[in-house]
1. In Å and whole numbers, how far do the C-alpha atoms of segment B:45-117 stretch along each principal axis, longest first?
2. Express the relative contact order of segment A:37-187 as a whole percentage, based on alpha carbon pairs under 8 Å and six or more residues apart in sequence.
3. Just need log10 I(q)/I(0) for the protein assembly as shown at q = 0.11, 0.14, 0.15 Å⁻¹, Debye formula, equal scatterers on the alpha-carbon atoms, no solvent, rounded to two decimals.
4. Going by alpha carbons, how many degrees (0 to 90, nearest 10) lie between the helix axis of B:2-25 and the longest principal axis of chain B?
5. With a 10 Å Cβ neighbour count serving as the proxy for reagent exposure, in which order, fewest first, do B:93, A:80, A:139, A:97 appear?
6. Give the average, rounded to an integer, of partner chain Cβ atoms located within 10 angstrom of each Cβ in A:20-26.
7. In square nanometres, what is the average projected area of the Cα convex hull of segment B:99-159?
8. How far is helix B:42-62 tilted, in degrees, relative to the longest principal axis of the Cα atoms in chain B, given as a value from 0 to 90 rounded to the nearest 10?
């Protein structure tokens with residue numbers, strides 16, 4: 001009886017060793033395999049159109065540190081009719097953890113989320129936030145963009161990004177996080193602004 | 001006797017190896033517990049959550065019945081590998097909890113204590129962000145329930 005138990009234990013031990021060692025070897029292989037990213041998509045974002053022009057803004061040192069190996073662009077967009085806003089796109093193919101729920105960042109940098117709602121657009125859903133800090137109000141939008149759709153659920157993002165990695169890219173493209181912030185207190189939900197955002201979509 | 005000792009080391013070496021792998025995989029927890037607004041301070045909950053395990057582990061060592069839980073260790077390895085390959089923090093953190101729990105044997109009540117890892121997982125804070133108090137009442141409640149279950153686990157081991 002006791003011998004039977006110990007035999008099972010030894011067998012289980014071997015299974016643990018095999019999975020552990022295979023896991024470490026696979027981890028090393030995956031680490032050294034080049035990952036396909038979406039840098040080309042970020043670079044293909046238009047800088048101007050009939051309804052706007054834009055100017056790229058350098059990332060701050062803190063932003064570079066947070067992004068690590070992830071790729072990102074940040075630009076100020078000047079609509080021909082309307083107030084300018086800040087537009088950021090982050091591709092986490094090389095550092096998935098650089099992409100997270102943007103509400104973390106807003107709350108972490110002292111903003112209070114006063115209200116939020118989901119908006120349906122032609123490409124999918126975007127999340128609209130009303131932020132307040134030191135008596136100042138700002139508006140923000142965020143969503144995740146794939147070639148197929150826009151969506152706002154960070155859990156869906158985790159699912160898609162994880163499935164993509166576990167299938168070595170066969171499960172689809174890496175969703176790109178897009179964040180828009182007003183520079184004043186103007187709302188960002190006008191049809192004209194949403195049309196500009198469709199033009200700025202990296203997967204367009 | 002010698003055979004028994006040799007088999008024991010065969011059991012313990014991989015269980016400690018799995019624990020080490022999961023600690024390495026979840027090494028970002030310390031940063032998250034310090035910087036994440038929804039998880040800040042959860043290190044204390046984690047440490048309190050560990051107390052029953054340390055108590056049971058100590059008793060099992062004293063009575064010579066120290067035995068790892070291989071089902072939990074296998075689950076922790078799978079979760080750890082999903083976390084590493086999928087670059088998924090929650091899987092890495094769950095793997096750590098399972099690997100810690102897998103260091104000692106136990107039955108039904110241990111599984112209920114183990115479910116108390118929800119009290120320190122950073123993901124819980126994010127999911128509970130709408131709850132007043134940044135999820136702290138929920139975390140504390142989960143910890144208390146987990147500790148209550150661990151008492152039944154401790155008592156069960158005395159029989």
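1. Between the extreme Cα coordinates on each principal axis of segment B:45-117 lie 41, 25, 18 Å.
2. 21 percent
3. Taking Cα atoms of the protein assembly as shown as identical point scatterers yields -0.84, -1.16, -1.27.
4. 10 degrees
5. Ordered from fewest to most neighbouring Cβ atoms within 10 Å, B:93, A:80, A:139, A:97 come out as A:80, A:97, A:139, B:93.
6. Other-chain Cβ atoms within 10 Å of each residue's Cβ, averaged: 4.
7. Over all viewing directions, segment B:99-159 projects a mean Cα-hull area of 4.2 nm².
8. Once rounded, the angle reads 10 degrees.
Each value in this text was obtained by applying a stated rule to the coordinates, not by laboratory testing. Values in this document were obtained by computation on a predicted structure and should not be read as measured data. So basically every Cβ, Gly included, is an ideal-geometry build from the backbone, and we count neighbours across all protein chains shown.
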